[in-house]
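Everything on this sheet refers to the single structure shown next.
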Amino acid sequence: MQPERKAQTIKASEPPCNRKLSPVFRKGNLLMAVVTLICLTALVCDELRTWGYHSRRNREEKIRAEDLENLQRDLEISQARALELHETIQAIAQESNHQGRISWRIAQTYVEQARYDMAAPYFVDAFEDRYNGRHDEGFVELEKALPHYERALQRNSVDPDLMYEAGLCFGNASHAMGWEEQRWRIATMLFRRLMDIEPESNRGQYELALLLGKVKNPRLRDLDRSIELLQKVVQNEEDNIPARFALAHMMVLNENLNGALIEYEAIQDRLRQLAGRGVISGSYENQPAYQNAQKNIEKLQICIQKLPGCEVLVDE
């Protein structure tokens, strides 16, 4: 952040939607070798085409064993997983008009490893539909990343899924570093652009709302806008329980306890309806979401009635 993520309010546990938008190749010869495998589409001589094919194949065979060893070591993954990644990259590399997909796949693998800054330059290359080889240090000068993305978005038609994953990468990186500002700005810019290019989808609104509401820096936090976005998501997707939790969460942060109470009660009502329609199995009262909502309702009622023991705790 489609994976879901519930907002946390009053000791509610973090939702099981820890995005591992987090992917990969730190060392090894694979990345440099990929470039050598790309066929030059401008060749017009049959003999040159034949030479290029055999040359590429010979290089593939020469580097294969070493590449697999490097992949396995760098990523701490199984040999089968390393082989799968290797073959994926090789297949993409042979299509010269899809070089950006190589960068995208590498970025995904770094994200899966929670190495967000290493993924960042590969996302930029993917936005430009190119593969520029290895970026061992990630973005050394992070302040240059935002202009990179803005220019890439102006010049290219970017896949919405690519934009979404890049936004999650930078959002996760910012959060991991205590809501670091530059990464946060890149993430929010990407989700705003995503909202522009797919206005019917709610995923950009949802992620932007979380970033605006949870960031610690008061200069960046905008709870009113966060609540507005989440209300739109809930209106469009009435059964979106994570969005309802997030909305209640932001209302508590905004000191609207009565509004939050209404939202938690709405969560319970929605779970009853989902159980009645057979969408969820078992008793709705045994659902963790229902129980978390009940705990939060009880604590909010104490605070609203100004009784002793009022303690509204918000986990961020």
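The values are calculated or read from the model by the stated rules, or taken from the named source; none is laboratory data. Remember, it's a predicted structure, so these values are computed and weren't measured experimentally. So basically every Cβ, Gly included, is an ideal-geometry build from the backbone, and we count neighbours across all protein chains shown.
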> Any chance the range 164-178 includes a residue that's surrounded by fewer than 17 Cβ atoms within 10 Å (Cβ to Cβ) and charged (D, E, K, R)?
Replying inline: no
>> If the requirement is being small (Gly, Ala, Ser) and over 24 Å from the mean Cα position of the chain (by Cα), which of these qualifies: Ala248, Ala209, Ala260, Ala243?
In response: Ala260
> What is the residue count in the range 272-316 for residues that are more than 27 Å from the chain's Cα centre (by Cα) and either part of a helix (DSSP H, G or I) or of a type in the set (Asp, Glu) (or both)?
Replying inline: 21
> Only one of (1) part of a helix (DSSP H, G or I); (2) surrounded by fewer than 23 Cβ atoms within 10 Å (Cβ to Cβ); (3) at pLDDT 95 or above; (4) more than 17 Å from the chain's Cα centre (by Cα) fails for Leu153. Which number is that?
Replying inline: (3)
